[in-house]
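A short write-up of the structure that comes next.
The values are calculated or read from the model by the stated rules, or taken from the named source; none is laboratory data. Worth saying up front: this structure is predicted, and the values here are computed from it rather than measured. Cβ: placed from backbone, ideal geometry, glycine included. Neighbour counts: every protein chain shown. Ligands, DNA and RNA are excluded from the accessible area calculation, which covers all protein heavy atoms including side chains. Shrake-Rupley method; radii C 1.70, N 1.55, O 1.52, S 1.80 Å.
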Amino acid sequence: ECKTVTKKTEPLLGVVLSLPDENAVKTDGKAQNDEVSDEEMVDKENVIDLLDCFGSLRTTGRFVGENKFDCDTCHAKKDASWSVSLQRRPQSLLISFRRTLWTLEKGLHKDSRRVKFPLELDASELLELETDRVSPDIDFEGCHYTLISVVSHSGSSPFVGHYISWCRVGGVDSNKWFLFNDSNVTEASESDVLNAEAFILLYERRGIPSV
């Protein structure tokens, strides 16, 4: 039986994350029978932590049935598994969310749940590297990113709406934020940024190891 392992290296242009299942409600360690207030339930259903979304980045899958993998070694279609790993952590971490969904109940719709994200992101455990490849990142202690920009989509449907952007002006050490809405540019607060319905997040790495 063929035991070939096929690897393909591609540039990381961005990370696309899926939001957790709409029917999955976090209980923060509470048992299912524990009482949860209506206010807590609403918050848990509509606010998602960015760290929970990174679970989709570690997703693995199988090529089976009609979707069997076409092996270049034995030249036959085989059942196979796939996974994704990183060789190097990027200087700029571009994160976008899959907010266009289709369900039997709602059809094609926009997932408007708010994703809670930090101004400072420690991604050392999130962006795990391949263990079998030597990288200059291995000796770099931590993997810290600073939020630079947030793109938001206003509108209840994926077909219509308006895009706006919050941007940090003056570099990673600046606390000045501005809202860019078409030709209008106004100063914004950090709370405005953190309460945005994020469609795209751009983080900039604070330090790079010497190569």
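Observations on the model:
- Number of the exception - Ala196 against (1) surrounded by fewer than 16 Cβ atoms within 10 Å (Cβ to Cβ); (2) assigned to a loop (DSSP other than H, G, I, E, B): (1)
- Residue in region 1-18 that is open to solvent by 80 Å² or more (accessible area, probe 1.4 Å) and at pLDDT below 65 present: yes
- Checking each residue in region 61-105 for being within 24 Å of the chain's Cα centre (by Cα), open to solvent by 30 Å² or more (accessible area, probe 1.4 Å), within 17 Å of Asp21 (Cβ to Cβ) and without any contact (Cβ under 8 Å) to a residue 40 or more places away in the chain picks out only Trp102.
- Scanning region 147-169 for residues that are loosely packed, with under 14 Cβ neighbours inside 10 Å, touching a strand residue (DSSP E or B) at 6+ places or on another chain (Cβ under 6 Å) and of a type in the set (Val, Ile, Thr) yields a single hit, Val169.
- Failed condition for Gly65, given (1) at pLDDT 85 or above; (2) of a type outside the set (D, E, K, R); (3) on the phi < 0 side of the Ramachandran plot: (3)
- Within region 147-190, the set of residues being part of a strand (DSSP E or B) and under 17 Å from Tyr203 (Cβ atoms) comprises Leu147, Ile148, Ser149, Val150, Val151, Ser152, Ser165, Trp166, Cys167, Arg168, Trp177.
- Region 136-146, residues that are modelled with pLDDT under 80 and open to solvent by 10 Å² or more (accessible area, probe 1.4 Å): Pro136, Ile138, Asp139, Phe140, Glu141, Gly142
- Within region 1-22, the set of residues being under 20 Å from Pro90 (Cβ atoms) and either of a type in the set (Ser, Thr, Tyr) or in contact with a His (Cβ under 9 Å, 6 or more places away or on another chain) (or both) comprises Thr9, Ser18.
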